[in-house]
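Asker: Please read through the structure below; I'll follow up with questions.
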Amino acid sequence: MDKFDDVTSWVREAGYYATPVEQLEDWDRVCLASKRRDGGGYTGNSFWVTFLANTWILGTWADRRYKFPDAGTLKSFCVQALSDHPNEVLAAIDAKIMRHSGITEISESELDDLIAASNGS
């Protein structure tokens, strides 16, 4: 079972889309989107998700990264974000939602530390 199977299942069951796993240099991720283009590809709201060093991370295309306290919080957030904002790209997570859900923003260097920890460095 792939570490992303649950996440991709959640969003697909809710009627949204998940890309195949994208392998980056030292880590991997899946992209989640609210819509699919007729000619292929995705549109609407989208963001990426990864699992590094036992931590779920969500990233936006505005170069923001967020650490989630658990998979259940990630599931709820992803489905809700794709439902609430199907036509606009999420740039940042609202501070009120973060406080209520235990989501924390992390820096690029914190992401790098999680990547290194995940790779045993």
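The values are calculated or read from the model by the stated rules, or taken from the named source; none is laboratory data. Values in this document were obtained by computation on a predicted structure and should not be read as measured data. All Cβ positions, even for glycine, are placed from backbone atoms using ideal geometry, and neighbour counts span all protein chains on display.
Asker: If a residue must be assigned to a helix (DSSP H, G or I) and under 24 Å from Lys3 (Cβ atoms), how many such residues does the stretch 84-102 contain?
Answerer: Of the residues in the stretch 84-102, 2 are assigned to a helix (DSSP H, G or I) and under 24 Å from Lys3 (Cβ atoms).
Asker: Here is a further query. List, please: which pairs have Cβ atoms under 6 Å, are six or more places apart or on different chains, and start with a residue in the stretch 43-57 that is without any contact (Cβ under 8 Å) to a residue 40 or more places away in the chain and end with one that is of a type in the set (Lys, Arg)?
Answerer: Listed pairs, sorted by first residue: Thr43/Lys35; Thr43/Arg37; Trp48/Arg29; Thr50/Arg29.
Asker: Every residue in the stretch 36-49 that is surrounded by fewer than 20 Cβ atoms within 10 Å (Cβ to Cβ) and at pLDDT 95 or above, please.
Answerer: Trp48
Asker: Output the qualifying pairs, or none if there are none: Cβ atoms under 7 angstrom, residues six or more apart or on different chains, first residue in the stretch 1-23 and touching a residue at least 12 places away in the same chain (Cβ under 8 Å) and more than 16 Å from Ile57 (Cβ to Cβ), second residue outside any helix (DSSP H, G or I) and basic (Lys, Arg).
Answerer: The qualifying pairs are Tyr17/Arg36.
Asker: Among the residues of the stretch 69-98, write down those that are closer than 21 Å to Tyr42 by Cα, in contact (Cβ under 8 Å) with a residue 60 or more places away in the chain and under 12 Å from the mean Cα position of the chain (by Cα).
Answerer: Once the filter is applied, which keeps residues that are closer than 21 Å to Tyr42 by Cα, in contact (Cβ under 8 Å) with a residue 60 or more places away in the chain and under 12 Å from the mean Cα position of the chain (by Cα), the stretch 69-98 yields Leu74, Lys75, Cys78, Val79, Leu82.
Asker: OK, next. Among residues belonging to the stretch 22-77 that are touching a helix residue (DSSP H, G or I) at 6+ places or on another chain (Cβ under 6 Å) and outside any strand (DSSP E or B), point out the one that is farthest from Trp10 (Cα to Cα).
Answerer: Out of the qualifying residues, it is Asp26.
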